[in-house]
Amino acid sequence: MKPLLAGVLALASLSPAQGTRTFAGTITDDMCPKADHAGMRMGPTDAECVTACVAVHGAAYVLYDGATLYQLSDQQAPEAFAGQKVRVAGTLDAKTKTIHVESISAAR
């Protein structure tokens, strides 16, 4: 009985693993967090504005889903999708609102 109880307690103490989720939104930068680039307009397109803010001003790529801003663990893959609607697969750290990116693809 004691080994069974110890096993149950050990399992109960483990936090449930968070699985991979898919997040949909727009790749933007944390200087224009709602993907509205009218105020900065660092180029003629949203994509150029995002890229310039990251390159020139040290901004970070983020995902904005229309309501929530998510930090992205990968700061290289989003460059190819700057200003675009995408799907990001990864695990979410809810405390920091950071997606640990596994992959990014263009939204269909």
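Which of the residues belonging to the stretch 81-106 are outside any strand (DSSP E or B), more than 14 Å from Thr28 (Cβ to Cβ) and touching a residue at least 12 places away in the same chain (Cβ under 8 Å)?
Passing the criteria: Thr96, Lys97.
For residues in the stretch 46-63 being surrounded by fewer than 23 Cβ atoms within 10 Å (Cβ to Cβ) and outside any helix (DSSP H, G or I), which is modelled with the highest pLDDT?
Ala60
When the residues of the stretch 81-98 are narrowed to those that are closer than 20 Å to Gly19 by Cβ and among the aliphatic types (A, V, I, L, M), which ends up surrounded by the most Cβ atoms within 10 Å (Cβ to Cβ)?
Only one residue tops the list, namely Val88.
The values are calculated or read from the model by the stated rules, or taken from the named source; none is laboratory data. None of the values given here were measured: they were computed from a predicted structure. We place every Cβ from the backbone using ideal geometry, glycine too, and count neighbours over all the protein chains shown.
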